[in-house]
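Remarks on the structure that follows.
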Ligand SMILES: Cc1ncc(COP(=O)(O)O)c(C=O)c1O
């Protein structure tokens, strides 16, 4: 008998989301503004700390787009972007007519390599082109090496737009991811640690940026009674109905972070003894990941030829969803002509890495099913004897 499908990361709704959504209906605030939007922004700002301000938007992608606009990225500019990421990090650079310059990862955090970042800046400047922004990503919730990245950014006076879409609740040296860059981005897509079904936010310590983001996100309407526009705007604000879901989700965020970390620990306890399997791991106590997705590497040289694709197929056969790590942007056909600085690290991560089911709705029985497939006799016979 085929067992129920186990998914990678499903939305997990708490006890109060519907109350806030009902309030929106009861008060007829069915608009991309209203009390839920204001309160959700405040909840996020309180959670992130560091005096940051927040603009709630309809996607993380929209937040990245506005972030680039606020940093003055224009046609012909270059933006240094982590290659090992989801395409949404890079696409808005192209919306602006700018060129992404992709930077490889470092082996510890799997995020933006400070070494290749510095090399790229020097090389682009040598060719007369100073990059307009640096876009690091905290992939799967793991913080990037922000000290090194900010130090380079400061030295060359290039602003940082931090992609914390996957990292709400993660910390670096005690501070929340999303509070390091001039601007930062969060996502509340359906698969994220908390969700508004679709949604995002732009975060900054500078109130002027957030005011400008809200202006641009509501069609850049001038302060006039009639509808007057002096610049091009966007329709990027979050709906008050969806912000109601966000308010409910904020009540359970700390619990969700603890649950994802517990799931990560469960996999580690059960699987890290297996030769050839290595988890994405906090490089030092400075790093605190929300472990949005537990991710591992399979080393075929140590597993006697077993690859991550063998593992993925075995899980799929048991009706369990898993996913290869993001295919780096410099290997994507659409970005084939963009410059790249690196040494093959992200390509190797992509070739050997897999994300395991990590959603907080997973039951202990389901988690056991996942590890049992990896450990099971069937899997061993079909591919490789782990023991
Ligand atoms: C790293 C990263 N950046 C940006 C985004 C874009 O967020 P959204 O889907 O809310 O547009 C996502 C997620 O979808 C993401 O994982």
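The numbers here are math on the coordinates, done by the rules we state, and not lab data. Computed from a predicted model, the values in this text were never measured in an experiment.
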Fraction of beta bridges assigned by DSSP in the chain that are antiparallel (%, nearest 5): 60 percent
Helix 364-375 axis, angle to the chain major axis (alpha carbon atoms, nearest 10°): 60 degrees
Three-way shape label, segment 158-203, alpha-carbon gyration tensor, a/c 1.5: oblate
Percent RCO, i.e. relative contact order, over segment 232-387, from Cα pairs under 8 Å lying at least 6 residues apart: 26 percent
Cα gyration tensor shape of segment 1-71, rounded if a/c is under 1.5, else prolate or oblate by comparing a/b with b/c: oblate
Rounded tilt (10° steps) of 60-70 against the dominant C-alpha axis of the chain: 50 degrees
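Suppose a student asked you for the relative contact order of segment 278-344, using Cα pairs under 8 Å spaced at least 6 residues apart; what percent would you report? Each step should come with its number before you reach the end.
Numbers: 35 pairs, mean separation 11.7, N = 67.
Relative CO of segment 278-344 lands at 17 percent.
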Angle between the chain longest axis and helix 207-217 axis [Cα atoms, degrees, rounded to 10]: 90 degrees
Principal semi-axes in Å for the chain [√(5λ), Cα gyration tensor, largest first]: 35, 28, 17
Segment 74-123-segment 162-207 distance, computed between alpha-carbon centres (Å): 18 Å
Compactness of segment 254-377, expressed as Rg and Dmax over alpha-carbon positions, Å: 15.5, 47
Percentage relative contact order, the chain, counting C-alpha pairs under 8 Å, at least six apart: 24 percent
Alpha carbon centroid spacing (whole Å) that separates segment 358-377 from segment 45-65: 34 Å
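Could you tell me which of rounded, prolate or oblate describes segment 105-195, using a ≥ b ≥ c as the square roots of the eigenvalues of the alpha-carbon gyration tensor, with rounded for a/c under 1.5 and, failing that, prolate when a/b is larger than b/c and oblate otherwise?
Prolate is the answer for segment 105-195, as a/c is 1.5 or above and a/b outweighs b/c.
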